[in-house]
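Nothing in this text is a laboratory measurement; each read-out follows from the coordinates by a stated rule. If you're wondering where the values come from, they're calculated on a predicted model, not measured in any experiment. No Cβ is skipped: glycine too gets one built from the backbone with ideal geometry, and neighbour counts run over all protein chains shown.
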Amino acid sequence: MADLPKLDNAREALRVHILRHSLKTGEFTLKSGRTSNWFLDSKQTACRSDGILLVSDVALSILPPNIDAIGGLTMGADPVAFGIAAVAATRGRNLRSFSVRKEAKDHGVTGRVAGALQPGDKVAIVEDTVTRGTSLFEAVEVVRAFGATPIFITVVVDRGGTCEAMAKNANIAYEPMLTAPDLGYAFGS
């Protein structure tokens, strides 16, 4: 592993947690079908109380102040969005959280959005780990169709390095909490 880049204190603490709890090395087949010698299970950080506090520290330092709600495609976004919203509340910042279902529900509260998203909200779309950005931009489209406006995207770890350009093309600000190079790996490796 190469020398790791210098990070601010909050990101460094998150990186240490990710490296200890979420990074696996070996031989893995990724969702894309490619093989890799490393795999991230960022839920191992986002679903631990100490980990979600670290995620929230970084997220709350970069989220624009005008965000009303935070969420993304279930399952990857759920612990991230819900945890950040809960920690934000303890710090005097009210964020509503939501999930985008993989498919529409046809009974009860119908549609793909579950949670406290409201039409007109300015939204942060989140995810745990992203490689290609497919789930992020699926969530963007569902949120737009719901009548809210995605204005910011963040992920715990950007593994692929393609989301920044995708977000720019969609006119949405993007800032990952950590990147593959922050963990000592090349984008897309």
Among the lysines in the chain, how many pairs, 8 or more places apart or on different chains, have alpha carbons under 28 Å apart? 17
Tell me the angle of helix 49-62 to the major Cα principal axis of the chain, expressed in degrees between 0 and 90 and rounded to the nearest ten. 70
Expressed in angstrom and rounded, the centroid-to-centroid distance over alpha carbons for the range 79-152 and the range 5-26 is 25
How many percent of DSSP beta bridges within the range 9-183 run antiparallel, rounded to 5? 30
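Working out 0.36 nm times the residue gap between Lys6 and Lys102, then minus their Cα-Cα distance, what length gain in nm do you get to one decimal?
Details: separation 96, 0.36 × 96 = 34.56 nm, distance 3.72 nm.
My answer for the length gained is 30.8 nm.
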Those trypsin sites (Lys or Arg not before Pro) in the range 22-64 that DSSP places in a loop and that have at most 13 other beta carbons within 10 Å: Lys31, Arg34
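List Asp121, Asp3, Asp8, Asp68 from most exposed to least, where exposure is judged by having the fewest other Cβ atoms within 10 Å.
On the way: Asp121 23, Asp3 6, Asp8 10, Asp68 18.
In increasing order of surrounding Cβ atoms, one gets Asp3, Asp8, Asp68, Asp121.
Can you tell me the FRET efficiency between Ser189 and Asn66 if r is taken as the Cβ-Cβ distance and R0 is 41 Å, rounded to the nearest 0.05? Working shown, then result.
Numbers: r = 36 Å, r/R0 = 0.88.
Computed FRET efficiency for Ser189 and Asn66: 0.70.
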Give me the number: length gained by fully extending Ala114 to Asn94, i.e. 0.36 nm times residue separation minus the C-alpha to C-alpha distance, one decimal in nm. 5.4 nm
Angle, helix 134-146 long axis vs. longest principal axis of the chain, Cα atoms, 0 to 90°, nearest 10? 10
